[in-house]
Amino acid sequence: MMKTMKKLPDAEFDIMKVVWANNPPITTNIIMQELGNEREWRAQTVISLMLRLVERGFLRTEKNGKERTYFPLISKEDYLKFETGDFIERYHGNSFTSLVATLYDGNKLKDSDLDQLAKWLREKRD
């Protein structure tokens, strides 16, 4: 994982979700088919966002004839670990208990969620 990883803006994160969901390499045409029309982006907007992701170190690009192909350099799992860790540190003082208490008090956790969490914690201890 990159030591200098930074939080992605929403538009770039949306592109990375499409990249992670597809087998590499990916093209701007694939992004446009899966996201561009929904977001009402022009092809040039997608190209600009992809190039930003290359500059940030999230993607690698190769030119194949007239078309560029893109390959992920950061896995979804690594990015989610970074993003979640940053969130817990910033908003919960690195306290997992604070995070769970906030979710519980906000009625975001059901009893089944708590059962799964308890099972997960038991497995991690063993």
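The values are calculated or read from the model by the stated rules, or taken from the named source; none is laboratory data. Quick caveat, the model's predicted, so the values are computed rather than measured. Neighbour counts are summed over all protein chains in view; Cβ atoms, including those assigned to glycine, are modelled from backbone coordinates with ideal geometry.
Here are T97, T61, T45, T4: which of them is assigned by TED's automatic domain parsing to the domain that holds W120 and not acidic (D, E)?
Values: T61 fails: assigned by TED's automatic domain parsing to the domain that holds W120; T45 fails: assigned by TED's automatic domain parsing to the domain that holds W120; T4 fails: assigned by TED's automatic domain parsing to the domain that holds W120.
That would be T97, the only listed residue that is assigned by TED's automatic domain parsing to the domain that holds W120 and not acidic (D, E).
Give the number of residues within the range 84-118 that are surrounded by 12 or more Cβ atoms within 10 Å (Cβ to Cβ) and either of a type in the set (V, I, T) or more than 20 Å from the chain's Cα centre (by Cα) (or both).
Qualifying residue count, the range 84-118: 14.
Somewhere in the range 74-84, is a residue within 25 Å of T4 (Cα to Cα) and in contact with a Leu (Cβ under 8 Å, 6 or more places away or on another chain)?
At the first step, the residues of the range 74-84 found to be within 25 Å of T4 (Cα to Cα) are 74-84.
Filter once more, so that each one left must be in contact with a Leu (Cβ under 8 Å, 6 or more places away or on another chain): 79.
Yes: the range 74-84 contains one or more residues that are within 25 Å of T4 (Cα to Cα) and in contact with a Leu (Cβ under 8 Å, 6 or more places away or on another chain).
Checking N37 against (1) surrounded by 12 or more Cβ atoms within 10 Å (Cβ to Cβ); (2) outside any loop (DSSP other than H, G, I, E, B), which test does it fail?
Every condition holds for N37 apart from (1).
Please pick out the residue among I30, I74, I47 that is touching a helix residue (DSSP H, G or I) at 6+ places or on another chain (Cβ under 9 Å), modelled with pLDDT of 90 or more and assigned to a loop (DSSP other than H, G, I, E, B). Walk me through how you get there before you give the answer.
Working: I30 fails: assigned to a loop (DSSP other than H, G, I, E, B); I47 fails: assigned to a loop (DSSP other than H, G, I, E, B).
Every option except I74 fails the conditions.
When the residues of the range 50-60 are filtered to those that are assigned to a helix (DSSP H, G or I) and in contact with a strand residue (DSSP E or B) (Cβ under 7 Å, 6 or more places away or on another chain), which remaining residue is farthest from E12 (Cα to Cα)?
Just the residues of the range 50-60 that are assigned to a helix (DSSP H, G or I), to begin with: 50-55.
Add one more test, that the residue is in contact with a strand residue (DSSP E or B) (Cβ under 7 Å, 6 or more places away or on another chain), and what stays is 50, 53-54.
Details: M50: 8, L53: 7, V54: 11 Å.
For the range 50-60, the residue satisfying everything is V54.
Out of K7, K81, I need the residue that is assigned to a loop (DSSP other than H, G, I, E, B), touching a residue at least 12 places away in the same chain (Cβ under 8 Å) and surrounded by fewer than 14 Cβ atoms within 10 Å (Cβ to Cβ). Which one? Walk me through it before giving the result.
Numbers: K81 fails: assigned to a loop (DSSP other than H, G, I, E, B).
That would be K7, the only listed residue that is assigned to a loop (DSSP other than H, G, I, E, B), touching a residue at least 12 places away in the same chain (Cβ under 8 Å) and surrounded by fewer than 14 Cβ atoms within 10 Å (Cβ to Cβ).
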